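Peer 1: Sharing a structure with you now.
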Amino acid sequence: MWTRKALGPLAGQLQYATSGYGSSMVRSRTVKSPFIAHAFRDFYPEGRKIVPKSVVGRLDPISLAVWYMDDGSLSVSEGQEDRAAFATDGFSLEENEILQEALRCLGLDSSLQLSKGRWHIRLNCRSAEKLFLMVAPYIPTVMQRKLPARYRGGPGWLPPDNDAGFQPFLVPITIEKVGVIRSGKPSTLQMTKFDLTTGTSNFFANQTLVHNSSCTVFSDSSGELRVCGRGWELKDGDNVYWNTVRAYGIESWLHKGTTGVQFEIFGPGIQKNPLRSPTVRVAVFDYLIHGVPQPRFVWPRQVLAHTTPIHDLELCSSPAGAVEQVDGLTSLITPGRRAEGVVWHQTTPTIACMELDQRSTFKAISNSYLVKTGG
C-alpha cells in the first residue's frame, strides 16, 4: 500500500490473487502516463534496462529510500558499526560508477566490490549512517528490517494525497552570461574555468547546477574582498552574488583578514522565488571571526539588521522528529508561504550535543516544501 500511495495518481486499481504457495497477494499496475513513458525511454533505450547518466543529480531522499528498500541491504557484524550495500550486479562497471556518482551528489561515498564477475556497491559505516538518516523517515514498518534498530518505529512518511504532482523533467533555459570563476583551493594545474548564468539566475559551475542562494563573503589578509558559493569562488563581475554584495555594502560589515559573513540570497529569478519576495534580499545565518561562527549577541548592528528570522521551536530528540516538526512550517519572512525548514545552531559552536547527532548545526527540511517545489 505504501508503494501505491507513493505513486499517487499514477497508481491503478488493486488486484488480488493467490500465489503458487497459496498465500494471498495484492498488486497494482500503473496507469498510462507520459511521465512513465519518459522514464522508460531513459532506462530502456534498446529494450534492456540500463543506468542512464541522467540519474546523477536526480536522486533525492525519497527515491533513495525506494531504491534502498528494493536493492539495498543492511550489514550487521558483531563488534562493528552497521554498513549498507546495494545489489547492483545486473549492471556494468560503467553503470555502477554512474550510480556511485549519483550517491556522491547526496554526500554518500561508496566502493565497488567484485564478486563472481559482478559488481556491488557498498557503503562504509560513515556513509551508511548518512544513508540511514536520509531514508529512515520514509521507510514503512514492513521494510524497517533494513534499518538499524535505533531507526525503526516510524510510520513511513509520504506526501499528503492533495500534494501529489509532478515536476517537468526539462525546462528550456536561456544562457544569459558566461563568466570566469576561480577555484577556492590552490592547484598546480592552471586552468580557466567558466560559469554559465541562466535565466533563472542559477549557475552551472564545473558541470554542476549551483543554486544561486548560499554565499560566503570575507576580507582576506591583504584586504581583498572574496565572494564564494559552496566550495568555489566567483570573480568580481555582473552576477547575482557580486551585485548583491555591492547593493548591501557588505564589504563595510567586515574587518580586514578577520571576519566573514554567510547568508542566503533570495528573490526574483532565484530558485523560482518560492517566498515571492518582490526584491533580491539577503538573510544572514553566520557571522565569523577567524572562521569561527559567533553567537548573535556579538554580531554588528548592520549584520543583525539582515539576519535570518528565529522560530520559537524546541529541539527534538531525534532526526525523524526534527523533520516532522518542520513539515508544513510557514515562513516568517513571507507569512502564508511554506518555509523550507530550519537550521539549528548551538549557542556555543565548539560544543556538539546529542540531540544534533554530535553536530554543532543541524538542518531539518520540510517534506511538504520539497514536494511542492520539486526539491
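Peer 1: What number of residues in segment 93-110 are touching a helix residue (DSSP H, G or I) at 6+ places or on another chain (Cβ under 9 Å) and in a helix (DSSP H, G or I)?
Peer 2: So the answer is 5.
Peer 1: Let me ask something else about it. State which residue pairs qualify: first residue closer than 17 Å to S127 by Cα and inside segment 53-76, second residue among the acidic types (D, E) in any location, beta carbons under 9 Å apart, and separation of 6 or more residues or different chains.
Peer 2: Close Cβ pairs satisfying both conditions: L74/D82; S75/D82; V76/D82.
Peer 1: Kindly list the number of the only condition in (1) modelled with pLDDT under 85; (2) aliphatic (A, V, I, L, M); (3) in contact with a Leu (Cβ under 9 Å, 6 or more places away or on another chain) that fails for I270.
Peer 2: (3)
Quick grid of which residues meet (1) out of contact with any helix residue (DSSP H, G or I) (no Cβ under 9 Å at 6 or more places or on another chain); (2) loosely packed, with under 15 Cβ neighbours inside 10 Å; (3) closer than 17 Å to T216 by Cβ:
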| site | (1), (2), (3) |
| --- | --- |
| G260 | yes, no, yes |
| L288 | yes, no, yes |
| P295 | yes, yes, no |
| V303 | no, no, yes |
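Peer 1: Another question, if that's okay. Hey, any hits in segment 310-331 for a residue that's farther than 23 Å from Y369 by Cβ, β-branched (V, I, T) and either in the same structural domain as G223 (by TED's automatic domain parsing) or at pLDDT 85 or above (or both)? Spell out the reasoning first.
Peer 2: The initial filter retains those residues of segment 310-331 that are farther than 23 Å from Y369 by Cβ, namely none.
No, every residue in segment 310-331 fails to be farther than 23 Å from Y369 by Cβ, β-branched (V, I, T) and either in the same structural domain as G223 (by TED's automatic domain parsing) or at pLDDT 85 or above (or both).
Peer 1: Mind telling me which of the residues R226, R276 ends up being basic (K, R), closer than 26 Å to K363 by Cβ and under 22 Å from the mean Cα position of the chain (by Cα)?
Peer 2: From the options R226, R276, the qualifying one is R276.
Peer 1: Quick check on segment 131-150: of everything there that is more than 14 Å from G72 (Cα to Cα) and free of Cβ contacts under 8 Å to residues at least 40 places away in the same chain, which residue is surrounded by the most Cβ atoms within 10 Å (Cβ to Cβ)?
Peer 2: Taking the candidates together, the pick is T141.
Peer 1: For segment 279-287, indicate whether the set of residues that are in the same structural domain as F218 (by TED's automatic domain parsing) and on the phi > 0 side of the Ramachandran plot is non-empty.
Peer 2: Of the residues in segment 279-287, the ones in the same structural domain as F218 (by TED's automatic domain parsing) are 279-287.
The next check asks that each one be on the phi > 0 side of the Ramachandran plot; those that pass are none.
No, because not a single residue in segment 279-287 is in the same structural domain as F218 (by TED's automatic domain parsing) and on the phi > 0 side of the Ramachandran plot.
Peer 1: Quick test of your reading of the structure: V51 fulfils all but one of (1) assigned by TED's automatic domain parsing to the domain that holds L114; (2) more than 27 Å from P148 (Cβ to Cβ). Name the failing condition by number.
Peer 2: Result: V51 fails condition (1) only.
Peer 1: Can you find, within segment 204-257, the residue that is surrounded by the most Cβ atoms within 10 Å (Cβ to Cβ) among those that are among the aromatic types (F, W, Y) and modelled with pLDDT under 80?
Peer 2: W232
Peer 1: Could you list, in sequence order, the residues of segment 5-43 that are without any contact (Cβ under 8 Å) to a residue 60 or more places away in the chain and in contact with a Pro (Cβ under 9 Å, 6 or more places away or on another chain)?
Peer 2: V31, S33, D42, F43
Peer 1: Also: Test L112 against the criterion of being of a type outside the set (G, A, S) and surrounded by 18 or more Cβ atoms within 10 Å (Cβ to Cβ), and give yes or no.
Peer 2: no
Peer 1: Condition check: closer than 23 Å to K363 by Cβ and without any contact (Cβ under 8 Å) to a residue 60 or more places away in the chain. Does D109 satisfy that?
Peer 2: Criteria met by D109.
Peer 1: Take G107 and tell me if it is surrounded by fewer than 18 Cβ atoms within 10 Å (Cβ to Cβ), within 22 Å of the chain's Cα centre (by Cα) and closer than 19 Å to V66 by Cβ.
Peer 2: Judged against the criteria, G107 is a match.
The values are calculated or read from the model by the stated rules, or taken from the named source; none is laboratory data. What you are looking at is a predicted structure, and each value in this text was computed from that prediction instead of being measured. Please note: Cβ atoms are built from the backbone with ideal geometry, for glycine as well, and neighbour counts cover all protein chains shown.
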